[in-house]
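See below for the structure under consideration.
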Amino acid sequence: MIQRIQSLFLLVIALSGVIFLFTPILEIINYESFYTMDAFNMFEMENNAKKPLKSNIGLAIMSIIITLLSGIIIFLYKNRPLQIKLSKFLILLLALELAALFFYSDAAKSFLSATPKDQTSISYKIGVVIPIISIVFAYLTIRFIKKDDELVRSADRLR
């Protein structure tokens, strides 16, 4: 089960989902203020203290669902066609998470647009890269599950 390469890829996706929950996604530097956003909230940084401004709970819920789904897919190793279908659904969820991430960042920028737009700067952090890496690992998972399925079918032909 865990010795298969696709199980390791799914484990990496699950771990990256947990890491995504606690890493910063973006930073917004406004005229006088500094804001940071993670999967749960958007914070205003004042005197080294985080003051929550806006909730991003949708990103956190999506990340938790992705983590749980990748964990479930690991234990469905006896049903490879279902594993492939759920892995394709996992790619869809990861793409939706990436789209929601940019939607939330755009909403955060418009939420803070009290000053002219040329004075607002957004810098994306490591949290943006995590769903992209997870999509690549989910694609590799599907590819190796298909290879595994072909190997089993070729072994059945030899009997």
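Limited to region 73-97, what total is found for residues that are without any contact (Cβ under 8 Å) to a residue 40 or more places away in the chain and either among the β-branched types (Val, Ile, Thr) or not in a helix (DSSP H, G or I) (or both)?
Number satisfying all stated conditions: 3.
Just checking, does region 124-131 include any residue being surrounded by fewer than 16 Cβ atoms within 10 Å (Cβ to Cβ) and of a type in the set (Gly, Ala, Ser)?
No, region 124-131 contains no residue that is surrounded by fewer than 16 Cβ atoms within 10 Å (Cβ to Cβ) and of a type in the set (Gly, Ala, Ser).
Sort through LEU94, LEU11 and tell me the only one that's closer than 30 Å to LEU151 by Cβ, in contact with a helix residue (DSSP H, G or I) (Cβ under 9 Å, 6 or more places away or on another chain) and either of a type in the set (S, T, N, Q) or buried (at least 20 other Cβ atoms within 10 Å of the Cβ) (or both).
LEU94
Could you check region 30-42 and list, in sequence order, the residues that are modelled with pLDDT of 80 or more and under 15 Å from ILE122 (Cβ atoms)?
Those that are modelled with pLDDT of 80 or more and under 15 Å from ILE122 (Cβ atoms): PHE34, TYR35, THR36, MET37, ASP38, MET42.
Would you confirm whether or not region 106-114 contains a residue that is among the small types (Gly, Ala, Ser), at pLDDT below 95, touching a Phe, Trp or Tyr at 6+ places or on another chain (Cβ under 9 Å) and under 27 Å from MET37 (Cβ atoms)?
Looking through region 106-114, at least one residue is among the small types (Gly, Ala, Ser), at pLDDT below 95, touching a Phe, Trp or Tyr at 6+ places or on another chain (Cβ under 9 Å) and under 27 Å from MET37 (Cβ atoms).
Conditions: (1) exposed (fewer than 15 other Cβ atoms within 10 Å of the Cβ); (2) polar (S, T, N, Q); (3) in contact (Cβ under 8 Å) with a residue 60 or more places away in the chain; (4) in a helix (DSSP H, G or I). THR141 meets all but one. Number of the miss?
Going through (1) exposed (fewer than 15 other Cβ atoms within 10 Å of the Cβ); (2) polar (S, T, N, Q); (3) in contact (Cβ under 8 Å) with a residue 60 or more places away in the chain; (4) in a helix (DSSP H, G or I) one by one, THR141 breaks only (1).
Have a look at ILE28, ILE13 and point out the one that is outside any helix (DSSP H, G or I) and within 20 Å of ILE130 (Cα to Cα).
Residue meeting the stated conditions: ILE28.
Of the residues in region 31-58, how many are of a type in the set (S, T, N, Q), more than 24 Å from ILE91 (Cα to Cα) and not in a strand (DSSP E or B)?
3
Regarding region 53-71, can at least one residue be identified that is modelled with pLDDT under 80, surrounded by fewer than 14 Cβ atoms within 10 Å (Cβ to Cβ) and over 14 Å from the mean Cα position of the chain (by Cα)?
Checked against the condition, which is being modelled with pLDDT under 80, surrounded by fewer than 14 Cβ atoms within 10 Å (Cβ to Cβ) and over 14 Å from the mean Cα position of the chain (by Cα), region 53-71 yields no hits at all.
The values are calculated or read from the model by the stated rules, or taken from the named source; none is laboratory data. A quick note: this is a predicted structure, and the numbers were derived from the prediction, not measured. Virtual Cβ from ideal backbone geometry, glycine too; neighbours counted across all protein chains shown.
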